[in-house]
Amino acid sequence: MSGSLNENIRRFRLEQSLSQVEFARRLNVSKQCVSNWENDNVRPSVEMLTKIADCFQVSTDALLGRDSLNTLNVDGLSPEQIAHIRLLVSDFKSTGKNGFVIQKELQADELLEQ
């Protein structure tokens, strides 16, 4: 992951198909506030940065462009459910552009051991 904070806020917002108005409502701020963040006129406070990261379900490092990994909140899920999610991610990563699996599929039991 790379990019500056303002670019990442915009990118994550657009990835979730949120307008600036919708995103502002979720954070209880004005549309102008979101616009200022995205145009790099103003930076969000540390507390707001955490709220933004939570809204996008990413780490603050990802927002700041310091982390190459996206995160997914799996709180409350069973180990089996988490294993299924890992398997899905693995399948997506191993699928070529044409949609065919090009690497060995991992079994859910293998993922639980990791």
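The values are calculated or read from the model by the stated rules, or taken from the named source; none is laboratory data. Here the structure is a predicted model, which is why all the values come from computation and not from measurement. Cβ sites come from the backbone with ideal geometry, for glycine too, and all protein chains shown count toward neighbours.
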Restricting segment 1-34 to residues that are surrounded by 14 or more Cβ atoms within 10 Å (Cβ to Cβ) and small (Gly, Ala, Ser), the one nearest to ARG66 (Cα to Cα) turns out to be GLY3
Reported set for segment 1-42 where residues are among the aromatic types (Phe, Trp, Tyr) and at pLDDT 95 or above is PHE23, TRP37
When every residue in segment 84-109 that is over 19 Å from the mean Cα position of the chain (by Cα) and of a type in the set (A, V, I, L, M, F, W, C) is compared, the one modelled with the highest pLDDT is PHE100
Has segment 48-62 got at least one residue that is without any contact (Cβ under 8 Å) to a residue 12 or more places away in the chain, part of a loop (DSSP other than H, G, I, E, B) and either exposed (fewer than 15 other Cβ atoms within 10 Å of the Cβ) or not acidic (Asp, Glu) (or both)? no
